[in-house]
Amino acid sequence: MKDRVTSFIFPALSLLGLVALWHFSIDLFAIPDYLLPRPSAVISHLKTGYIDGVFWPHFAFTLQSTITGYLLGCVSAILVGAVLAESRTFEKCFYPFIIALQSMPKVALAPLIIVWFGYGAASKVVMVALMCFFPLFVNTVVGIRQTDRQLVSMMQSFSAPASLVFFRVKLYAAAGHIFAGLQISIVLALIGAVVAEFVASSKGIGWLIQSSLANFNTAQMFAALLSLVAIGLVGTQTIQFLHRRVVFWEQAAPMTALPE
Amino acid sequence: MTQGRVLEVAGLAVVYQSNREPQRAVENCDISVGAGEFVSIIGPSGCGKSTLLSVVAGLLEATRGRVSILGSEVRGPRPEVGMVFQRPTLLPWMNVIENVLIPVRALGRNVEAHRQQAQDLLKLVGLGTHARHYPHELSGGMQQRVGLARALIHDPGLLLMDEPFAALDAMTRERMSLELQDIWMARRKTVLFITHSIPEAVFLSDRIAVMTPSPGRIEREIAIDLPRPRRVETLASPAFAALCGEIRETFNALAGEHA
Ligand SMILES: Nc1ncnc2c1ncn2[C@@H]1O[C@H](COP(=O)(O)OP(=O)(O)O)[C@@H](O)[C@H]1O
Ligand SMILES: [Mg+2]
């Protein structure tokens, strides 16, 4: 209980200290507003943004394309990863291309994706999906491949068909890796959404940041950045919570033979 | 072929094709086990005991020779076989009773119809109240008992056990031997048991087959005619000590020849 309290209070105190330091150093060093806005200015932008509501359409646009793209990218990564891990033929046919595509910086594809999928939400969704795909795909393949071989031969000794071995053993054995991939992909999804909005958009938090640049409205930029932090934080925390819930056996004591 | 033989291994050879030179793990190996018999194979580590058992379980192909179970040749895993491994090899994401039911699921039989039987087996191995626990909540000995219940759930005619107690401490090991004997006497399974512990083999077996160092073959078979049920006191009897001594001598002589 005491740990809980201090793990809330200590970061809150250091945040307060940091904001105070920020506030006072602006006057102390005479920092102009366009370089570093006052905390109060950022807060007032957040207020007009979310209470008066001018940010909401942008927030919703970015959130929606991030979530849709994330789901699309992650589901296909797990499916393709599973098929590739299980089928040598499929692996031989496609692995070289996937590796080649993986070593390319995906953000460089953003302009092309805009050309193909237009200025609207579709291009953002595709960009996000592309960003999410690779780390999760690789983790799924590795997770399935590292399944304890003894568990597999145990299943085979009882005449288990390959489908049962896959769904009851390999998929679970890979769960820890898959969740790690889901975690990485959340952050990459946000990067994808923002980059696509930078390149071409008329909406979204990324667009908001870019349009703030036009009139050096750094306070609004800060408010937009904080919105991204909030989405990222809620996303990663949710995945972490699900990870602990679903893969309950990995946090528990290791499965070694203990004396009675 | 003799009638009533559950397992028959004749002229078995297994060669592992590794990247380096081929590894001859088992050569010219013969053994047969009759219905209801408890036979132990004992041999130094690396002599090919697990390899032999994998072939019998249908997990590994023989390079030469014949293996048949209940008169028909082994070509893959068979429903008449139940296997217990050196490590418990339970699925950590399934609770105890689901783990016990794995063979039922694997064989495509009705899982619900076997639930009561799984519960009875858990009671038999002393885990009647642990059905809903997960493997990581159990000690090594308890996990190994779940493995034993799992190997019995589909009522196999032949039980294969690969050093099932090797990872346990001495006290637990002794108790597990006693329990295994009780279960074997109650269910009259045919058992092929692998161990590198001489007293364990003598305590449990009707017959002990001693294997040579690698490439392994059965060099000698010794019948153990100690009366059943054997008890803790049996371990201290002169007859028990004499049998252990005889096997140790055979064992050492074989190790010497091959050294
Ligand atoms: N998959 C494998 N590939 C190559 N060699 C193996 C393999 N498994 C076992 N061996 C070799 O075969 C021999 C017998 O192994 P094993 O049957 O595990 O012995 P034991 O169970 O008696 O300790 C050993 O020399 C071992 O190194
Ligand atoms: Mg072995």
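Read-outs: derived from the displayed coordinates by stated rules, not from any lab. Since this is a predicted model, take the numbers as computed values, not measurements. Positions of Cβ are generated from backbone atoms using ideal geometry, with glycine treated the same way; all protein chains shown enter the neighbour counts.
Do you know the relative contact order of the range A:37-246, to the nearest whole percent, from alpha carbon pairs under 8 angstrom that are 6+ apart?
30 percent
Could you work out the Kirkwood radius for chain B, taking every pair of different alpha carbons, averaging 1/r and inverting it, reported in Å?
About 18.9 Å, per the Kirkwood formula over Cα pairs.
With unit charges on the beta carbon (Lys/Arg positive, Asp/Glu negative), name the residue among B:Asn110, B:Pro199, B:Gly48 whose Cα is farthest towards the positive pole of the charge dipole of chain B.
Toward the positive end, the furthest listed residue is B:Asn110.
With the cut-off at 15 Å, report for the range B:81-155 the share of all Cα pairs above it, as a whole percent.
Roughly 44 percent, once rounded to a whole number.
Can you tell me which of B:216-222, A:185-191, B:137-143, A:235-241 comes out highest on packing, and rank the rest after it, using the mean Cβ neighbours within 10 Å?
A:185-191, B:137-143, B:216-222, A:235-241
What number, in percent, do you get for the relative contact order of the range B:81-155 if the mean sequence gap of Cα pairs under 8 Å and at least 6 apart is divided by its residue count?
49 percent
On a 0 to 90 degree scale, rounded to 10, what angle separates helix A:88-102 from the longest Cα axis of chain A?
Between helix and principal axis, roughly 20 degrees.
Can you compute the FRET efficiency between A:Leu79 and A:Val234 using 1/(1 + (r/R0)^6), with r the Cβ-Cβ distance and R0 = 25 Å? Round to the nearest 0.05.
Using R0 = 25 Å, I get an efficiency of 0.45.
Enumerate the helices in chain B for which the Kyte-Doolittle hydropathy averages -1.0 or more and the C-alpha atoms extend at least 24 Å along the helix's axis, using complete DSSP H runs.
B:170-187, B:238-258
Once you have the Cα-Cα distance between A:Val19 and A:Arg145, take 0.36 nm times their residue separation minus that, and quote the gain in nm to one decimal.
Between A:Val19 and A:Arg145, full extension yields 40.6 nm more.
Out of the trypsin sites (Lys or Arg not before Pro) in the range B:160-207, which ones are loop residues according to DSSP with at most 12 other C-beta atoms within 10 Å?
Sites meeting the loop and neighbour criteria: B:Arg188.
So for the range B:57-216: antiparallel DSSP bridges make up what percent, rounded to the nearest 5?
Just about 20 percent of them are antiparallel.
Where does chain A land at 222 nm, in deg cm²/dmol rounded to the nearest 500, when only DSSP H runs of n ≥ 4 count, each adding -39500 (n - 2.57), divided by all residues?
Computed ellipticity for chain A at 222 nm equals -25500 deg cm²/dmol.
Could you list the GluC sites (Glu not before Pro) in the range B:1-87 that lie in coil according to DSSP, counting only those with at most 13 other Cβ atoms within 10 Å of their Cβ?
Hits after loop and neighbour filter: B:Glu61.
Restricting everything to alpha-carbon atoms, can you work out Rg to Rh for the range A:37-246 with a Kirkwood hydrodynamic radius?
1.09
Once you have the alpha carbon radius of gyration of the range A:81-155, what is it after dividing by 2.2 N^0.38 Å, with N set to its residue count?
1.43
How large is the charge dipole for chain B, taken about the Cα centre, if only the Cβ atoms of Lys, Arg (+1) and Asp, Glu (-1) carry charge, to the nearest 20 debye?
560 debye
What's the angle, to the nearest 10 degrees (0 to 90), between helix A:175-199's Cα axis and the longest principal axis of chain A?
The helix A:175-199 is inclined about 40 degrees to chain A.
If each DSSP helix of 4+ residues adds -39,500 (n - 2.57) and the sum is divided by the residues in chain B, what number results at 222 nm, nearest 500 deg cm²/dmol?
Estimated from H runs of four or more residues: -10500 deg cm²/dmol.
Where does each of A:110-116, A:76-82, A:212-218 land if you order them by average Cβ count within 10 Å, highest first?
A:76-82, A:110-116, A:212-218
Would you work out the charge dipole size for the range A:113-215 about its Cα centre, treating the Cβ of every Lys and Arg as +1 and the Cβ of every Asp and Glu as -1, and quote it to the nearest 20 debye?
For this selection, approximately 200 debye.
Obtain the radius of gyration and the Kirkwood radius of the protein assembly as shown from its C-alpha atoms and give Rg over Rh.
On the Cα set of the protein assembly as shown, Rg over Rh gives 1.16.
Given a Förster distance of 41 angstrom, what is the FRET efficiency for B:Ala223 paired with B:Ser139, based on the Cβ-Cβ distance and rounded to 0.05?
0.70
Can you say what percent of the DSSP beta bridges in the protein assembly as shown, counting only those with both residues inside, are antiparallel? Round to 5.
Once the DSSP bridges in the protein assembly as shown are tallied, antiparallel ones form about 50 percent.
I'd like the distance between the alpha-carbon centres of the range B:210-254 and the range A:191-251, rounded to an integer number of Å.
71 Å
When the label point is put 7 Å from the Cα of A:Ser163 along its Cα-to-beta-carbon vector, which residues of the range B:84-111 have a backbone N closer than 19 Å?
Output list for this probe position: B:102-111.
I need the calculated FRET efficiency for the pair B:Thr129 and A:Arg244, taking r as the beta carbon distance and R₀ as 30 Å, to the nearest 0.05.
Computed FRET efficiency for B:Thr129 and A:Arg244 comes out at 0.65.
What pairs in B:Lys123/B:Lys189; A:Lys92/A:Lys170; A:Lys170/B:Lys49; A:Lys106/A:Lys203; A:Lys124/A:Lys170 have C-alpha atoms more than 25 Å from each other?
Long pairs (Cα-Cα over 25 Å): A:Lys170/B:Lys49; A:Lys124/A:Lys170.
Grab the other residues whose beta carbon is less than 15 angstrom from that of A:Ala110, score K and R as +1, D and E as -1, and report the net.
+1
Express in whole angstrom the spacing between the alpha-carbon centres of the range A:1-56 and the range B:1-73.
73 Å
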